[in-house]
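Trainee: Before I ask anything, let me first share the structure, which is written out below as structure tokens.
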Ligand SMILES: [Zn+2]
């Protein structure tokens, strides 16, 4: 269904009888939502429909604020053979996401306002998700010269990160944080101590020894997080820690929050769903950075999600072509696609009782909106009608054929998953409606 058609047809739309889960309003009950001209007009226990208002009957389904992924790699400009802004947004919509914040390690990197504007323009053409470009902290991620934060923010950048690489020089990171204060800008840390991690291809431990692969110790992440938290405390900057993968990292962040430091954190679904065991057999689809860790780490990540130490579930969606994955383990690229499996994997945590449904919505919509300072994350009247309808029970087997991403590097192919988005609305317009349930 094309967006234009439905926007013309559905000036008004009534979502009826679903379970509305919106922590921003303390809602977790059956109710109705009236959408009018792309915004949420009314939300109530029961809203009377009329024959002129198309009505969707959603008994048994969950109706939540559109999911927001604050960590994706859309690969455009420069690596369009892996993903484009359009295909990335298609995968996002299919995964229930209405907004994506994209990392700047493209070619060229998003270090200038012209690249920022290019991304925003391409996203506008695709009209499948709100796309928020993250700009680099240093020029072309050189780790030395800061980018023009003011310029980039004015062009539409939403935060700063050298993701893919850490800012190795502590003095440069301190300068970046001090500079960020002028704009109240968010600094996102890819926390990795390179002298410790260099050459490593998986978690350092028993399995790396068995496989004869060079390991990356957990402290490579923990030292880097500790440094950036210390710098955030010194400068007062707003710091967000990307892709937390270890128990030690969760402990460090928990203590920092306890001391009142302005730090937030995210993890990715693979860190609470998989362990280093997935690498056995030299499975390059399980190669990523930071690497999959141990069961002890996995459980600590879940505890961090449960107690609020970890604020956000983000995918770190990192598409790669088959060429970059079907090769020797040491040579394979890091990263997996994640936009279409994040929601079912989070729902698995809900089914296990590790987190509640409102927790899940907080982690995947409300908190990322607040941290990025963008609209969405709520179904309050007056908000854009960015809405995800979820069937929490529907079983499916994830296959490359099902995926909308241009790349097929997921370790979850062939896995039996349960629960997915069945309708994604962006400003009241369907961006994903595979069964054409929209009237
Ligand atoms: Zn990273």
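What follows draws every value from the coordinates through simple rules; no lab data is involved. Please read all numbers here as calculations on a predicted model, not as lab measurements. Methodologically, a virtual Cβ is constructed for each residue, glycine included, from the backbone with ideal geometry; neighbour enumeration extends over all protein chains shown.
Trainee: Divide, for the stretch 142-229, the radius of gyration over alpha carbons by 2.2 N^0.38 Å, where N is the residue count.
Mentor: Against the compact-globule rule of thumb, the ratio is 1.31.
Trainee: Would you mind checking the tilt of helix 85-94 against the longest principal axis of the Cα atoms of the chain, expressed as 0 to 90 degrees and rounded to 10?
Mentor: 60
Trainee: Taking 7 Å along the Cα-to-C-beta vector as the label spot, tell me the residue 352-residue 124 distance in nanometres, rounded to one decimal.
Mentor: 4.3
Trainee: Sticking with this one: Normalise the Debye intensity by I(0) for the stretch 1-136, one equal point scatterer per Cα, no solvent, then take log10 at q = 0.13, 0.16 Å⁻¹ and round to two decimals.
Mentor: -0.67, -0.88
Trainee: Compute the distance in nm between two label points, each set 7 Å from the Cα along the Cα-to-Cβ direction, one at residue 393 and one at residue 415.
Mentor: 2.3
Trainee: Would you mind checking the tilt of helix 218-235 against the longest principal axis of the Cα atoms of the chain, expressed as 0 to 90 degrees and rounded to 10?
Mentor: 80
Trainee: So for the chain, averaging the separation of alpha carbon pairs under 8 Å that are six or more residues apart and normalising by length, what relative contact order in percent results?
Mentor: The value is 21 percent.
Trainee: Can you order the peptides 197-203, 135-141 by their average number of other Cβ atoms within 10 Å per residue, highest first?
Mentor: 135-141, 197-203
Trainee: Please list the equivalent ellipsoid semi-axes of the stretch 41-88, computed as the square roots of five times the alpha-carbon gyration tensor eigenvalues, in descending order and whole angstrom.
Mentor: Ellipsoid half-lengths, sorted descending, are 38, 13, 10 Å.
Trainee: For the chain, with a Gaussian network of springs between Cα atoms less than 10 Å apart, report the residue from 15, 323, 349 with the top mean-square fluctuation.
Mentor: Residue with maximal mean-square fluctuation among 15, 323, 349: 323.
Trainee: Kirkwood hydrodynamic radius of the stretch 78-166 from all distinct Cα pairs, in Å?
Mentor: Computed over Cα pairs of the stretch 78-166, the Kirkwood hydrodynamic radius comes out at 13.0 Å.
Trainee: So how tilted is helix 247-258 from the main axis of the chain? Cα-based, degrees 0 to 90, rounded to 10.
Mentor: 70
Trainee: Going by C-beta contacts inside 10 Å, put 276, 221 in order with the fewest on the left.
Mentor: Ranking 276, 221 by Cβ neighbours within 10 Å, fewest first, gives 276, 221.
Trainee: Here's another thing I want to ask about it. Given the C-alpha centroids of the stretch 79-115 and the stretch 243-295, what is the distance between them in whole angstrom?
Mentor: Going from one Cα centre to the other spans 23 Å.
Trainee: Over the stretch 198-329, what portion of Cα pair distances is larger than 18 Å, expressed as a whole percent?
Mentor: 54
Trainee: Averaging the inverse of every distinct alpha carbon separation and then flipping it gives the Kirkwood radius. What is it for the chain, in angstrom units?
Mentor: Over the chain, the inverse of the mean reciprocal pair distance is 21.8 Å.
Trainee: Mind giving me the FRET efficiency for residue 183 and residue 334? R0 is 25 Å, r the Cβ-Cβ distance, nearest 0.05 is fine.
Mentor: Given R0 = 25 Å and the Cβ-Cβ separation, E is 0.25.
Trainee: Oh, and also: Estimate the FRET efficiency between residue 251 and residue 144 by the formula 1/(1 + (r/R0)^6), using the beta-carbon distance for r and 41 Å for R0, to the nearest 0.05.
Mentor: 0.80
Trainee: Additional query: Please arrange 89, 415, 102, 327 by counting, for each residue, the other beta carbons lying within 10 Å of its beta carbon, fewest first.
Mentor: In order of increasing Cβ crowding within 10 Å: 327, 415, 102, 89.
Trainee: Using only the alpha-carbon atoms of the stretch 256-357, report the extent along each of the three principal axes, biggest first, to the nearest angstrom.
Mentor: Taking max minus min along each principal axis of the Cα atoms, the stretch 256-357 gives 44, 31, 24 Å.
Trainee: Also, I was wondering about something else. Percent relative contact order of the stretch 1-159, based on C-alpha pairs within less than 8 angstrom and at least six residues apart?
Mentor: Answer for the stretch 1-159 is 16 percent.
Trainee: Also, quick follow-up: Any idea how far the Cα center of the stretch 308-328 sits from the one of the stretch 180-230, in Å?
Mentor: Between the Cα centres of the stretch 308-328 and the stretch 180-230 lies a distance of 15 Å.
Trainee: Rank these for me by crowding, 320, 71, 408, going from fewest to most other beta carbons within 10 Å.
Mentor: 408, 320, 71
Trainee: Relative contact order for the stretch 144-220 using alpha-carbon pairs under 8 Å, separation at least 6, rounded to a whole percent?
Mentor: Averaging sequence separation for qualifying contacts and normalising by length gives 27 percent for the stretch 144-220.
Trainee: Tell me, what is the FRET efficiency for residue 277 and residue 401 to the nearest 0.05, using R0 = 35 angstrom and their Cβ-Cβ distance as r?
Mentor: 0.85
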